[in-house]
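Have a look at the structure below before the remarks.
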Amino acid sequence: MEYILSSFAILLMQFAEICRGGATLVPTMPALRPWTTHRYQWACRSTGREHMLTYATAGCGEPVVLLHGFGGSVDYWRATIPPIAAAGYKVYALDMLGFGSSDKPTDVRYSAELWAELTLDFLDEFVQRPAVLVGNSLGSLVALSAAAGCVARRASDAEGGDAGGARPVVGALALLNCAGGMNSKFVLTDPERPRWQRALSAPIFALIDWVLTTPALRDRAFRAYASESTVRSILLSVYTRKERVDDELVRAILAPAADPAAAEVFGAILTGEPGVQPRELVSRVRVPILAIWGERDTFTPLDGPTGRLFAQLARERPASVAMRVIDAGHVPHDDDPAAVLAELLPFLAAHLKPQPCKTVGLRV
């Protein structure tokens, strides 16, 4: 119960920071990055509309697709993209709808299924071959949903007379501190939690929903918390390696505030239905899974329901599911990049053939 309260306190403060544009640190990113950024129009079948999305690419070879977590963006993979590209892979990193510099529509029902649809459409349009999906937190849940959705799409193709042989597939998943739902309200229906704990949590979530759906209260909360120093203190509470919390990281958190719709979108995500949970998805996923867990995570604790789920899967399905625990927090790939890459790169090599770029440099 304690981690639910502390996590939501941190989320509220981070939400306030991201959505307010008046922070003292200028929210600009360095001009030169070791990747190339692109924009494209996504024709979403669920919304019946087109949305402008941002993604980054680097390297050559077989595809690795990176999916950030709540409040994240391409820049959260700053320590991950260059080494993966240098190892001989084509890296794609998405700013999911509602995050980063992608569109932030306020009349969309956000869900892991929506972002999974985005991911599969992206694979169809740009990748067009089997890929390894690497997700952090919410991005891990999206990766699981995409892997399950890929199976459903191929079955639908077959029923429609298309063998589906040309449709790209999700070849493997690397999940970093996988989230238990789109937001923490999944604990209200978690059968592993005592009934009294679920009952006690309900009014807390109801209060948070009320605050974040009442514009005057929401704005007052943002003003109370919004400052560069608060962002830094929040990140310091999440990261185990404090030196990793630098100006570059703080700017990456503040940058999306330039979009006037950011506050409403983030509020919709935090107050929406938690949606599909990992336990519902893993039975429909048959691709290899590597779960990497930062053992000091307070958002999705190692001994919480999602951490225990993957530990159990690793015991029951050792041929297809592996779990590695490292000394890091909720964002292990930026908290301790070396430890994550030590586990991730061998996993990639086991499922993809490295193919280093023949030309100098990684920007593609």
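The values are calculated or read from the model by the stated rules, or taken from the named source; none is laboratory data. The structure displayed is predicted, hence computed values, not measured ones. Glycine gets a Cβ as well: all are built from the backbone with ideal geometry, and neighbour counts include every protein chain shown. Surface accessibility is based on the protein's heavy atoms, side chains included, excluding ligands, DNA and RNA. Shrake-Rupley method; radii C 1.70, N 1.55, O 1.52, S 1.80 Å.
Numbers for the structure displayed
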quantity: Exclusive hit being at pLDDT 60 or above, more than 20 Å from the chain's Cα centre (by Cα) and either under 21 Å from residue 113 (Cβ atoms) or in a helix (DSSP H, G or I) (or both), set 85, 43; calculated: 43
quantity: Scan of segment 171-200 for residues that are in contact with a strand residue (DSSP E or B) (Cβ under 8 Å, 6 or more places away or on another chain) and open to solvent by less than 10 Å² (accessible area, probe 1.4 Å), ordered by number; calculated: 172, 173, 174, 175, 176, 177, 178
quantity: Test: residue in segment 135-143 that is more than 17 Å from residue 53 (Cβ to Cβ), modelled with pLDDT of 95 or more and not in a helix (DSSP H, G or I); calculated: yes
quantity: Conditions (1) modelled with pLDDT under 95; (2) surrounded by fewer than 24 Cβ atoms within 10 Å (Cβ to Cβ); (3) assigned to a loop (DSSP other than H, G, I, E, B); number of the one not met by residue 79; calculated: (1)
quantity: Any pair with Cβ under 8 angstrom, 6 or more apart, that starts in segment 98-114 at a residue that is within 9 Å of residue 265 (Cα to Cα) and ends at one that is of a type in the set (D, E, K, R) and in a loop (DSSP other than H, G, I, E, B); calculated: 98/104; 104/259
quantity: Residue that is buried (at least 22 other Cβ atoms within 10 Å of the Cβ) and at pLDDT 95 or above, where the choices are 318, 288, 337, 332; calculated: 332
quantity: Enumeration of residues in segment 207-235 that are modelled with pLDDT of 75 or more, of a type in the set (A, V, I, L, M, F, W, C) and surrounded by 12 or more Cβ atoms within 10 Å (Cβ to Cβ); calculated: 208, 210, 211, 212, 217, 231, 234, 235
quantity: Where residue 263 falls short, out of the listed (1) surrounded by 15 or more Cβ atoms within 10 Å (Cβ to Cβ); (2) at pLDDT 90 or above; (3) of a type in the set (Gly, Ala, Ser); calculated: (2)
quantity: Any hit, segment 90-113, residues being assigned to a strand (DSSP E or B) and of a type in the set (D, E, K, R); calculated: yes
quantity: Residue check, residue 101 of a type in the set (Gly, Ala, Ser) and open to solvent by 10 Å² or more (accessible area, probe 1.4 Å); calculated: yes
quantity: Subset of segment 58-69 that is open to solvent by less than 40 Å² (accessible area, probe 1.4 Å) and part of a strand (DSSP E or B) - its residue that is farthest from residue 91 (Cα to Cα); calculated: 67
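To keep it simple, each residue is scored yes or no on (1) within 20 Å of residue 335 (Cβ to Cβ); (2) open to solvent by less than 20 Å² (accessible area, probe 1.4 Å); (3) of a type in the set (Phe, Trp, Tyr); (4) modelled with pLDDT of 95 or more.
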residue	(1), (2), (3), (4)
48	no, no, no, no
56	no, yes, no, yes
71	yes, yes, no, no
94	no, yes, no, yes
122	no, yes, yes, yes
